[in-house]
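Engineer: Starting off with a structure, shown below.
The values are calculated or read from the model by the stated rules, or taken from the named source; none is laboratory data. Every value quoted in this text rests on a predicted model; they were computed, and no experiment measured them. Methodologically, a virtual Cβ is constructed for each residue, glycine included, from the backbone with ideal geometry; neighbour enumeration extends over all protein chains shown. Ligands, DNA and RNA are excluded from the accessible area calculation, which covers all protein heavy atoms including side chains. Shrake-Rupley method; radii C 1.70, N 1.55, O 1.52, S 1.80 Å.
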Amino acid sequence: MQAIKHEASVVTGTEGKTVEHKLAARAASKRRFPSLESADTSPAVRFLVQAIKTVVPPLLGLALLVLVWSVVAKSSGGLPGPASTWESAKLLFADPFYQNGPNDQGVGWNILNSLGRVGVGFGLAALVGIPAGFILGRFAFVSAMFAPVISLLRPVSPLAWLPIGLLVFKAASPASIWVIFISSVWPMILNTAAGVRAVPQDYLNVARVLRLSEFKVFTTILFPSVLPHVLTGVRLSIGVAWLVIVAAEMLTGGVGIGFWVWDEWNNLNVEHIIIAIFIVGLVGLLLEQALILLARRFSFGQGV
């Protein structure tokens, strides 16, 4: 309060009196209505306030989504509402791993098969894309040589690669893995190459003066500096891979979440299609959050 009066006293005349009156009113208001943080500074109260600020907005967003969904379902007449979808989900997840033949398996098997294909395709893309990005970022000649190839192939729609995969591999599952590979390799190549180019030239000049081998330059300078960029590319790629697998499986068939969606559409089971949409979103969210945590762990304070 003394500081407020001192601040007000430096202002003279009518304007000064007005400012002093406003500051005094503000101080009185703070005494009458203290904020939650200042009312009780115990760690438990601060944790509760922070938890409310963190949890309440997402819950309100989800509640709004359910409300809009209910309104649309009632007005359309054909779209299942949240209540009927919830009842269907309870029956579905009561036995997620049943097997009644190759084309009738539980949703758990479909999710695991899709995750397996994403894991193989994404792993192959990482094995190829990350080293390729280091080479393109390190050597300007190689970068100039492959720049037109990357610019030509990168904008191609993922599903446009599916017929090529079916023609080459003669089977649906390898073709789906091929589509995941070719779709998710570009973010890793481009982000890794950009990270290598962003390494300060002074570091490389010092390495040249010390006559470090290329392996030593990679392990002591390039890899620690580029790792956040690599992880950013990995995070973007896993999102692309999970998006692509659903569309690829819808076209190729077999066992997988995409095929399950198409099969349920043929059975006119719209509740299961809505459940599949939530499953795809939830799994994609978990994959992305896991990679964000990994990226923060190895970002070395550079931010990702």
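Engineer: Can you pull the accessible area of Asp95 for me, 1.4 Å probe, Å² to the nearest 10?
Structural biologist: Rounded to the nearest 10, the figure is 80 Å².
Engineer: Given the alpha-carbon gyration tensor of segment 174-275, what are the semi-axes of its equivalent ellipsoid in whole angstrom, ordered largest first, with each equal to the square root of 5 times an eigenvalue?
Structural biologist: Rounded to whole Å, the semi-axes are 45, 12, 8.
Engineer: Ok, one more. Label Ala51 and Ile292 with points 7 Å out from Cα along Cα→Cβ: what is the distance between them in nm?
Structural biologist: About 2.1 nm, to one decimal.
Engineer: For segment 167-289, with every protein chain kept in place, what is the accessible area per residue (1.4 Å probe, Å²)?
Structural biologist: 48
Engineer: For the pair Ala44/Phe218, report the inter-label distance in nm, with labels modelled 7 Å from Cα in the Cβ direction.
Structural biologist: If labels sit at Ala44 and Phe218, their model points lie 5.6 nm apart.
Engineer: Hey, got a sec? Which chymotrypsin sites (Phe, Trp or Tyr not before Pro) in segment 96-149 land in a DSSP loop and have at most 15 other Cβ atoms within 10 Å?
Structural biologist: Phe97, Tyr98, Phe139
Engineer: Roughly how many Å is it from the Cα centre of segment 128-197 to that of segment 68-97, as a whole number?
Structural biologist: One Cα centre to the other: 39 Å.
Engineer: Report the far tail of the P(r) of segment 101-231, meaning the percent of Cα-Cα pairs longer than 27 Å.
Structural biologist: In whole percent, the long-distance tail amounts to 35.
Engineer: Stretch Leu91-Val142 to full length: gain in nm at 0.36 nm per residue minus the Cα-Cα span?
Structural biologist: So the chain would gain 12.8 nm between Leu91 and Val142.
Engineer: To continue, here is another question. Express the carbon and sulfur contribution to the solvent-accessible surface of segment 119-276 as a percent, rounded to the nearest whole number, probe 1.4 angstrom.
Structural biologist: 73
Engineer: Further question on the same structure: Take the Cα of Val168, step 7 Å along the line toward its Cβ, and report every residue of segment 102-140 whose backbone nitrogen sits under 13 Å from that point.
Structural biologist: Under 13 Å, as judged by backbone N against the label point of Val168, lie 125 of segment 102-140.
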